[in-house]
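Structure, as structure tokens:
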Amino acid sequence: MPTFPPSQTHLCPRHCSECRLRKTQAFKPVSAQELAFIEKFRSGSVSVLAGGSIISEQNPNGKLFTLYAGWAFRYKTLSDGRRQILNFLLPGDFIGLQQEFADGASHGVEALTDTALCVFPRDGLWDLFRQFPGLGYDLTWLAAREEGMVDENLLTAGRRNATERVAMLLIHLYRRAEQLELVQERSMAFPVNQQHIADALGLSLVHTNKTLRRLHKLGLHELKNGRLELRNPKALHRIADYYELSMRRVPLL
């Protein structure tokens, strides 16, 4: 797991009470007792370079992570190297819980940008469920939320056409970033390249490129210099047939 100097990212704070994510409206508040337990449960932090492995396929590391800064993605590969991106991970996402219920890491997690992660040991989960059932419920909610995202991805790959797929991905990631207060004047940092989009949507790179250009010509988005601007989010919603309810505040471990 390659690490990098502190100046290259926002490092995880020493104390959970200093967490900048908890100061946003994206996450549920916790009690003082729960926060103290989370800080005691946390075993440290780690920084991973863009392109580095957070979790390797079929190689469990026995650790759980909260992504504090940066982007990552969860993926599976076939024996010939073809890759399917299962979902993208943004700050606040909890990583690695699937390892607890599978024989080995059934997927990999790769850093899309330079990342900083809080680290938790898997063997502390029982104490969490026993001592703080509310936090245990939060973990269950997060697992159900991720299952819902996978369901939506399956619908996208199985029934949406290429234009609908790309529109769906853009609006979904935009809405998640917006909740994290990462969007300013309809624009956000967007480290996802066309190969990532193709791997996430089951499209060829050529088809992905043509579809993005088509949506751009319609005046719906601008993707330039690592930034995404949505010029007509309502139209993208309609194209994707995607009408999500208002996002609720998310648990943060």
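The values are calculated or read from the model by the stated rules, or taken from the named source; none is laboratory data. Small disclaimer: the values here were computed from a predicted structure and weren't measured. Positions of Cβ are generated from backbone atoms using ideal geometry, with glycine treated the same way; all protein chains shown enter the neighbour counts. Heavy atoms of the whole protein, side chains included, go into the accessibility calculation; ligands, DNA and RNA do not. Shrake-Rupley method; radii C 1.70, N 1.55, O 1.52, S 1.80 Å.
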Original post:
Could you say whether any residue in region 69-77 is of a type in the set (Val, Ile, Thr) and either out of contact with any Asp or Glu (no Cβ under 8 Å at 6 or more places or on another chain) or on the phi > 0 side of the Ramachandran plot (or both)?
Top reply: no
**OP:** Please work out which residue is nearest to residue 171 (Cα to Cα), limiting yourself to region 206-253 and to residues that are open to solvent by 90 Å² or more (accessible area, probe 1.4 Å) and not charged (D, E, K, R).
**Re:** 243
Subject >> Residues located in region 53-68, provided they are surrounded by fewer than 18 Cβ atoms within 10 Å (Cβ to Cβ) and of a type outside the set (D, E, K, R) >> reply: 53, 56, 58, 59, 61, 62
Subject >> Residue check, residue 197 without any contact (Cβ under 8 Å) to a residue 60 or more places away in the chain, hydrophobic (A, V, I, L, M, F, W, C) and open to solvent by less than 30 Å² (accessible area, probe 1.4 Å) >> reply: yes
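For the structure I just gave you, tell me whether residue 49 is touching a residue at least 24 places away in the same chain (Cβ under 8 Å), open to solvent by 30 Å² or more (accessible area, probe 1.4 Å) and closer than 22 Å to residue 191 by Cβ.
Criteria met by residue 49.
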**OP:** State the number of residues belonging to region 156-179 that are modelled with pLDDT of 90 or more, part of a helix (DSSP H, G or I) and open to solvent by 50 Å² or more (accessible area, probe 1.4 Å).
**Re:** 3
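Being of a type in the set (Val, Ile, Thr), in a loop (DSSP other than H, G, I, E, B) and within 19 Å of the chain's Cα centre (by Cα) narrows it down to one of 140, 113, so name that one.
On the way: 140 fails: in a loop (DSSP other than H, G, I, E, B).
Within the list 140, 113, the selection yields 113.
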